[in-house]
Amino acid sequence: MATVEKEKISRPAADGTVGKALELLDQVATQNRPMRFSEIQSLSPHPKATLHRLLQTLTSQGMLSYNPDQQTYGLGLRLVRLAHTAWRQSSLAPLARPFIDALSQEVDETIHLAQLDQGQVLYVDKRNAHKPIEMFSEAGKVGPGYCTGVGKAMIAFLPPEERQNAINRQAFYRHTDHTFTTPEAFTDELDRIRADGISFDREEHEPGIICIAAPIRTASGRVLGALSITTSTQRNTLEGLEKLRKPLTETARKIAEAAENWQFPD
């Protein structure tokens, strides 16, 4: 049987029945596969009867689907429809597409476009290099904020209260020998990023994977997302990525300008 996700994302307590239901959706989504009731129960803090009731409600509303043959719960088709609508209305991806296409052609490395979701990284678009590198990230996937270039770039430029809230949500699981594992070390890193304007992933999330990232911010300084150029230590170096700072930050600026009059969620 597949194991559950090893890194637990820190989240606030669920708010009422709706909060509990959304938390349950998150738990199923995190596993990237259908789950049996016993697996869901092992992750849930709720009593068996409450969990049954929540699953019944989510299934009847089309947010989850139930396979009677496999006796598993998976994400429902209603979520697919909502996801497509959210992607069009709230994601940077549609308007950023021509800019990241151009950047990808210019540098021939993997390009990531991300937004911040509850202190974590939501990858909303990706362009592979001519010769792709296998890595964790893909569009629609959620990654940690504290050990990814895009995550650090976004959190560093949040207002103080939002920044501290994002720090509090990090799990600080040690993925590699380079991962920041304490709030204090992470905060120092964010201060450096804020002073420099860009961030680096120094093999902090995956061994051999490095990147340079820049925040995408409005003229008033509001963080809309982040953009990164990602490669492997076999293809490039951190010094080599530093040389790509100008096309990276220029592309981030162009995306921010295009988004200036677009309405995104705060």
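Quick check on the stretch 196-213. Is at least one of its residues in the same structural domain as residue 128 (by TED's automatic domain parsing), under 14 Å from the mean Cα position of the chain (by Cα) and not hydroxyl-bearing (Ser, Thr, Tyr)? There is at least one residue in the stretch 196-213 that is in the same structural domain as residue 128 (by TED's automatic domain parsing), under 14 Å from the mean Cα position of the chain (by Cα) and not hydroxyl-bearing (Ser, Thr, Tyr). Being surrounded by fewer than 16 Cβ atoms within 10 Å (Cβ to Cβ), farther than 13 Å from residue 119 by Cα and touching a strand residue (DSSP E or B) at 6+ places or on another chain (Cβ under 8 Å) is a property that does not hold for residue 205.
Step by step: first the residues of the stretch 24-60, then only those that are of a type in the set (D, E, K, R) and modelled with pLDDT under 90, then the one that is surrounded by the fewest Cβ atoms within 10 Å (Cβ to Cβ). Which residue is that? Show your work before the answer.
First, pick out the residues of the stretch 24-60 that are of a type in the set (D, E, K, R): 26, 33, 36, 39, 48, 53.
Now restrict to residues that are modelled with pLDDT under 90: 26, 33.
Values: 26: 15, 33: 9.
The qualifying residue surrounded by the fewest Cβ atoms within 10 Å (Cβ to Cβ) is 33.
Selection of the stretch 53-70 for residues being under 17 Å from residue 29 (Cα atoms) and not in a helix (DSSP H, G or I) yields 61, 62, 63, 64, 65, 66, 67.
Mind telling me which of the residues 256, 252, 219, 226 ends up being in contact with a strand residue (DSSP E or B) (Cβ under 7 Å, 6 or more places away or on another chain) and either farther than 22 Å from residue 205 by Cβ or of a type in the set (Lys, Arg) (or both)?
Values: 252 fails: either farther than 22 Å from residue 205 by Cβ or of a type in the set (Lys, Arg) (or both); 219 fails: in contact with a strand residue (DSSP E or B) (Cβ under 7 Å, 6 or more places away or on another chain); 226 fails: either farther than 22 Å from residue 205 by Cβ or of a type in the set (Lys, Arg) (or both).
Selected residue: 256, the only one of 256, 252, 219, 226 that is in contact with a strand residue (DSSP E or B) (Cβ under 7 Å, 6 or more places away or on another chain) and either farther than 22 Å from residue 205 by Cβ or of a type in the set (Lys, Arg) (or both).
Could you go through the stretch 247-264 and let me know if any residue there is in a loop (DSSP other than H, G, I, E, B), assigned by TED's automatic domain parsing to the domain that holds residue 128, at pLDDT 95 or above and not aliphatic (A, V, I, L, M). No, the conditions are met nowhere in the stretch 247-264.
Number of residues in the stretch 142-177 that are surrounded by 14 or more Cβ atoms within 10 Å (Cβ to Cβ) and over 18 Å from residue 193 (Cβ atoms): the value is 5. Here residue 62 fits the description: of a type outside the set (A, V, I, L, M, F, W, C) and over 24 Å from the mean Cα position of the chain (by Cα).
Output the residue which, of all residues in the stretch 35-49 that are in contact with a helix residue (DSSP H, G or I) (Cβ under 8 Å, 6 or more places away or on another chain) and part of a loop (DSSP other than H, G, I, E, B), is farthest from residue 74 (Cα to Cα). Can you show your working first?
Of the stretch 35-49, the ones in contact with a helix residue (DSSP H, G or I) (Cβ under 8 Å, 6 or more places away or on another chain) are 35, 37, 40-41, 43-44, 46, 48.
So of that shortlist, the ones also part of a loop (DSSP other than H, G, I, E, B) come out as 44, 46.
Working: 44: 16, 46: 19 Å.
Across the stretch 35-49, the extreme among qualifying residues is 46.
Close Cβ contacts (under 7 Å, 6 or more residues apart or on different chains) running from residues in the stretch 79-94 that are modelled with pLDDT of 75 or more to residues that are among the charged types (D, E, K, R) comprise 93/125; 94/88.
The values are calculated or read from the model by the stated rules, or taken from the named source; none is laboratory data. Remember, it's a predicted structure, so these values are computed and weren't measured experimentally. Positions of Cβ are generated from backbone atoms using ideal geometry, with glycine treated the same way; all protein chains shown enter the neighbour counts.
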